[in-house]
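Participant: If you scroll down you'll find the structure; I have some questions about it.
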Amino acid sequence: MKNNLLLRIFLMLGIYFGLTYYGGEYGRMLLYPIRMLVTFLHEFGHAFGALITGGSVASLEIRPDGSGVCWTAGGSRSIILMGGYIGSAIFGNLLFFIGTRNSNQPAKITTYVLAGIMLFVSFFWFTSVFTTGMLVLFALSLYLIARKTNWDADILMFFGLASILYIIQDFNVGPSSDLEQYAKEFVIIPASIWMYIWLGVALMLFLYNIRLIFRSN
């Protein structure tokens, strides 16, 4: 079982890095949904940080270039800011973990839940036609995968693993605006230091997740 799981992980790593470094324009096109998913998880992390600290979410936007923004009110500003990068790392690891389970049922349920969250965000936190259209299309694709196929686990595993790798690779660019704002909350530590602290947290989460996955399989 562990050998099969290891083979799946190496296969997905090969696909991701092959498309990233050798896929050229076609590779970027095929990985575009991953980029959109990472942006969604990042912005949803901000929203989730607001909600769990007593704040509210006005809207959430994902842009065609892969950037995004989440407008919130109230809540803990430090948790909300951290929720983007750290939150997306947590969500990516959860997707990866669930995708490695021996039973397909948790993956199927998670796929439906993720589709439902995307539909909720697309209409109740509306900002743009692109955001809503992209999330509805994503949600519909996930629903069809869960309803018509047995690919749930592999899809979640690849999405989770690719999301983790993407945010680690993009750590010095992706959360730059959040880091600048976060450094203002803790003026003693500059943004350049927080950047490596957040990267360290993301790496530790991933390594702990890998350890947990192989101990439980």
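Read-outs throughout are calculated quantities, based only on the coordinates presented, and are distinct from any laboratory measurement. Bear in mind the structure is a predicted one, so any value in this text is a computation, not a measurement. Don't worry about glycine lacking a Cβ; one is built from the backbone with ideal geometry, like all the others, and counts go over all protein chains shown.
Participant: In which sequence would D65, D154 go, from the one with the fewest C-beta neighbours within 10 Å to the one with the most?
Facilitator: On the way: D65 8, D154 17.
Sorted ascending by nearby Cβ count, the order is D65, D154.
Participant: Can you list the residues of the range 34-76 with backbone N under 20 Å from a point 7 Å past the Cα of L140, pointing along Cα to Cβ?
Facilitator: Residues passing the 20 Å test: 34-37, 40, 62-64.
Participant: Based on alpha-carbon positions alone, could you give the equivalent ellipsoid semi-axes of the chain from the gyration tensor, as √(5λ), descending, whole Å?
Facilitator: Details: eigenvalues 145, 90, 59 Å².
Equivalent-ellipsoid dimensions as semi-axes: 27, 21, 17 Å.
Participant: Next question. Where Rh denotes the Kirkwood radius from the mean inverse Cα pair distance, what is Rg over Rh for the range 108-189? Before the final figure, lay out each step's value.
Facilitator: Values: Rg = 16.6 Å, Rh = 14.9 Å.
Value, to two decimals: 1.11.
Participant: Around T53, which amide H atoms from residues at least 5 apart in sequence, or from another chain, sit under 5 Å from its own amide H, with H modelled in the peptide plane?
Facilitator: S76
Participant: Quick one: if the Förster radius is 25 Å, what FRET efficiency do T149 and F10 give, using the C-beta to C-beta distance and rounding to 0.05?
Facilitator: Calculated transfer efficiency: 0.65.
Participant: Ok, one more. Rounded, prolate or oblate: which fits the range 1-70, taking a ≥ b ≥ c as square roots of the Cα gyration tensor eigenvalues, rounded meaning a/c under 1.5, else prolate when a/b beats b/c? Don't skip to the end; give the middle numbers.
Facilitator: On the way: a/c = 5.46, a/b = 1.63, b/c = 3.36.
Oblate, because a/c is 1.5 or more while a/b does not exceed b/c.
Participant: Can you list the residues of the range 3-43 with backbone N under 18 Å from a point 7 Å past the Cα of F214, pointing along Cα to Cβ?
Facilitator: 3-14
Participant: What order do you get for 155-163, 14-22, 141-149 when each peptide is scored by the mean count of other beta carbon atoms within 10 Å, highest first?
Facilitator: 155-163, 141-149, 14-22
Participant: I'd like the FRET efficiency for Q169 and A58, computed as 1/(1 + (r/R0)^6) with the beta carbon distance as r and R0 of 41 Å, rounded to 0.05. Walk me through the numbers before you get to the answer.
Facilitator: Details: r = 31 Å, r/R0 = 0.74.
Efficiency, from the Cβ-Cβ distance: 0.85.
Participant: May I ask you to sort W198, W151 by Cβ crowding, counting other Cβ atoms within 10 Å and putting the fewest first? Display every interim value, and only then the final one.
Facilitator: Working: W198 21, W151 16.
By the 10 Å Cβ count, ascending: W151, W198.
Participant: If you fit an axis through the alpha-carbon atoms of helix 105-124 and take the longest principal axis of the Cα set of the chain, what angle between them do you get, 0 to 90°, nearest 10?
Facilitator: For 105-124 against the chain, the angle is about 40 degrees.
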